[in-house]
Amino acid sequence: MTTSRTPFADLPRATQAGIMCNDPRFRAFAATRAGAPAAFTTSAAAEWLRSFCNVTSRRDLDTNPQAARRFDTLKTEFDAHTGKIPRPER
């Protein structure tokens, strides 16, 4: 029996955000962006992400267009930070 996994990019943004907040690399990235001295806990990363995207719940990332754009930008910056994609030109 083979089960197929949904590609990360095809998951709802709220799900992507939850996965990212569990990633130690994202927790360190978020802490750096926030000016914190050490990597965030999962809950601190989630709180920072909600604040960054200006939402009260990660579920809002799936319904609020402005929050979705902020999250997409954040995800791109994180992907560049981790080397998944080239750094965007400024």
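The values are calculated or read from the model by the stated rules, or taken from the named source; none is laboratory data. None of these values were measured; they are calculated from a predicted model. FYI the Cβ positions are ideal-geometry reconstructions off the backbone, even for glycines, and counts take in every protein chain you see.
Do we find that Thr56 is surrounded by fewer than 16 Cβ atoms within 10 Å (Cβ to Cβ), modelled with pLDDT of 95 or more and not in a helix (DSSP H, G or I) in this structure?
When the stated conditions are applied, Thr56 passes them.
Kindly indicate which of Leu49, Leu61 is surrounded by 14 or more Cβ atoms within 10 Å (Cβ to Cβ), closer than 15 Å to His81 by Cβ and either in contact with a helix residue (DSSP H, G or I) (Cβ under 9 Å, 6 or more places away or on another chain) or of a type outside the set (Val, Ile, Thr) (or both).
Exactly one of Leu49, Leu61 is surrounded by 14 or more Cβ atoms within 10 Å (Cβ to Cβ), closer than 15 Å to His81 by Cβ and either in contact with a helix residue (DSSP H, G or I) (Cβ under 9 Å, 6 or more places away or on another chain) or of a type outside the set (Val, Ile, Thr) (or both), namely Leu49.
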